[in-house]
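Here is the structure we will look at, set down as C-alpha cells.
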Amino acid sequence: MAYNFWRNAPTKTKRILTIAAFFVLSILVIVAGILTPLSDEDVNVLGRQLDDTGQTIDNLPEMQQVSFIFGNNFMICLVGFVPIIGSPFECYVLYSTGVVISAYSVYKNLQMSPLLLFFLLFLFPFTWLEFLAYSIAMAESFWLAWRIIQRKGKREIRNACILMSICAVMLLVAAIIEAALI
C-alpha cells in the first residue's frame, strides 16, 4: 500500500516528503551527537575551540560576520548535494555539531540539558533555515543518485542548480539574522 502511494504520488510530493525525512534524520543525528559521552578533556578542548571561534567572529565587522557564517554553512551545504557522499558528510557534520553543543553546555556550565539547549535553538529562524537547507541538500543528493541510476541525471542537474540557489538564499538570510543576533 505504501509503495502504491509512493508510486502514484506526484514528484513534488515525493520531494517534499524526502526533504521532511532528511529533516527528521538531521535532528536524530544531532541528538545522537549530543548524547555521546565526552571526557572532561574533550569538553575543555571543544569549549576552548568554540570560544576562540566565537571571539574571532565577534571581532569581525558585521558584513564579515555574515560572510564567514554564510561561507561556512554554504560550503557544508554544497557538499551535501553530491550524490552518495553528500548525505553521509552532512550527517557527520551534524553529529559533530551535536557533540559541540553537548561540550559547550558542560564547558560553560549552563544549568540546562544539552538537548534543551539544542531545541531552544529552534526559537531562532536561522536554525530552521539552516536545517531546511541541509535537508534539501541531502534530499537532492538522493534524487541525483536515483536519477543517475535511471539514466536521467542530466535533467536532474537543473533541479539541483535551482535547489542550490534556493539554499544559497536561505543560508544568506540565515547568516544575516545570525550575525545580527551576535
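Straight distance only, please: which lysines reach the Cα of residue 152 with their own Cα at less than 26 Å, same-chain residues fewer than 8 apart left out?
12, 14
Could you tell me what fraction of 2.2 N^0.38 Å the Cα radius of gyration of the range 54-108 comes to, as a two-decimal ratio?
1.37
Run the reach check for residue 154 against aspartates and glutamates, Cα to Cα strictly under 18 Å, same-chain hits fewer than 8 apart removed. What comes back?
Result set, ordered by chain and number: 140.
Please identify the helices of the chain, taking whole runs of DSSP H, that span at least 18 Å along their own axis as judged from the Cα atoms and have a mean Kyte-Doolittle score of 0.0 or higher.
Those that clear 18 Å and a mean of 0.0 are 11-34, 62-80, 86-107, 125-149, 153-181.
We did not get these values from a lab; they are worked out from the coordinates using the rules stated. Here the structure is a predicted model, which means the values were calculated and not measured.
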